[in-house]
1. Against the definition (among the charged types (D, E, K, R), buried (at least 20 other Cβ atoms within 10 Å of the Cβ) and free of Cβ contacts under 8 Å to residues at least 40 places away in the same chain), how does residue 70 come out, yes or no?
2. Which of the strands (runs of 3 or more DSSP E) found entirely inside the range 251-349 contain at least 1 residues meeting this: over 24 Å from residue 94 (Cβ atoms)?
3. Only residues that are under 12 Å from residue 153 (Cβ atoms), over 20 Å from the mean Cα position of the chain (by Cα) and polar (S, T, N, Q): list them for the range 104-142, please.
4. On the given criteria, is residue 126 within 25 Å of residue 278 (Cα to Cα), among the basic types (Lys, Arg), buried (at least 17 other Cβ atoms within 10 Å of the Cβ) and out of contact with any Pro (no Cβ under 8 Å at 6 or more places or on another chain)?
5. Looking only at the range 76-95, count how many residues are open to solvent by less than 30 Å² (accessible area, probe 1.4 Å) and under 24 Å from the mean Cα position of the chain (by Cα).
6. Which condition from (1) closer than 12 Å to residue 20 by Cα; (2) in contact with a helix residue (DSSP H, G or I) (Cβ under 8 Å, 6 or more places away or on another chain) is the one that residue 152 breaks?
7. Evaluate the range 44-56: report whether one residue or more is touching a Pro at 6+ places or on another chain (Cβ under 7 Å), among the aromatic types (Phe, Trp, Tyr) and open to solvent by 30 Å² or more (accessible area, probe 1.4 Å).
Amino acid sequence: MTTAVGAETARKPATMAQALGRALRDAMAADPSVHVLGEDVGTLGGVFRITDGLAEEFGEDRCTDTPLAEAGILGTAVGMAMYGLRPVVEMQFDAFAYPSFEQLISHVSRMRNRTRGAMPMPITVRVPYGGGIGGVEHHSDSSEIYYMATPGLQVVAPATVADAYGLLRAAIASDDPVIFLEPKRLYWSKADWSADAPEQVPPIGRAVVRGPGSGGRRSATLISYGPSVPVCLEAAEAARAEGWDLEVVDLRSLVPFDDETVCASVRRTGRAVVVHESTGFGGPGGEIAARVTERCFHHLEAPVLRVAGFDIPYPPPMLERHHLPGVDRVLDAVARLQWESEWTEGSAV
């Protein structure tokens, strides 16, 4: 058994991609019912090499290359789950998943309810998503709202190396289908992490305060997930120069949604900005802002604002830096949080 000291010495820089690969390997080693399937996941090891080595270690029967047919891949996974297996499907890129939506919406999300709980759907769908890597159209979508709006699916998006491992293991172990959104531009982000003694992380459905604020008068909450969490942490650091105290909440799980953690932060700060790459109109930020407003209305000093991708198809690589929320856009939103009302109230006292 690894001691606390041994676990600490075993920690070394690791990427999110490495943590995801280790999570798949450990899950397959622990449970022979776990099967990985998708385009190029076997011999090639996946476009991003997440599944590298799995076919060699576990055989092609458990790490299987499939035809280029996303509807067929997910339909096959449904059959596998019905017969007691735990399929882990890789959709090569975010927008490549769209042909599989009929299977996802008509069967994957409904089967457990359709059978009154008799037939669970322990399917994990891994989706490399989001921009920031210079990808072209169909390679950089933020499609999380489609999954969030489909009852019966869990939707998670890690932002750290530890969460990448812990949440993927939890997703594979779940008896409900999980859409596992992997932020592509964070694949190569690094953190000290032990593959042999991975740290425990909160379960699916729990948010985490990554950058706690001090609760001062000029405070606000930044609510985000996945690829936008590092942006928010950088913005919180830069905001100190303006006298703003920003607390960053990493949602981690979009469905189920952790109202308790999010609202506790907003009640402390009195202001909130939701940040994500997906579109503003009809995007996740609208639902999040509504939930916060309904539960925190009497604590809010200003309307909940959103910083999002523009309401356009994903732009060409040379233009994506203008499309993606960055530190400047986050700070611009914070500046619009009606800070003057604070001084008006103070002068009236």
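1. yes
2. 272-279, 305-309
3. Listed by number, the list holds a single entry, 113.
4. For residue 126, the condition - within 25 Å of residue 278 (Cα to Cα), among the basic types (Lys, Arg), buried (at least 17 other Cβ atoms within 10 Å of the Cβ) and out of contact with any Pro (no Cβ under 8 Å at 6 or more places or on another chain) - is met.
5. Number satisfying all stated conditions: 12.
6. (1)
7. Scanning the range 44-56, I find at least one residue that is touching a Pro at 6+ places or on another chain (Cβ under 7 Å), among the aromatic types (Phe, Trp, Tyr) and open to solvent by 30 Å² or more (accessible area, probe 1.4 Å), so the answer is yes.
Here's the yes/no breakdown for (1) at pLDDT below 95; (2) within 20 Å of residue 239 (Cβ to Cβ):
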| position | (1), (2) |
| --- | --- |
| 265 | no, yes |
| 271 | no, yes |
| 282 | no, no |
| 298 | no, no |
| 304 | no, yes |
| 326 | no, yes |
| 338 | yes, yes |
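The values are calculated or read from the model by the stated rules, or taken from the named source; none is laboratory data. Nothing here was measured: the structure is a model prediction, and the numbers come from that model. Methodologically, a virtual Cβ is constructed for each residue, glycine included, from the backbone with ideal geometry; neighbour enumeration extends over all protein chains shown. What goes into the accessible areas is simple: the full protein's heavy atoms, side chains included, and nothing from ligands, DNA or RNA. Shrake-Rupley method; radii C 1.70, N 1.55, O 1.52, S 1.80 Å.
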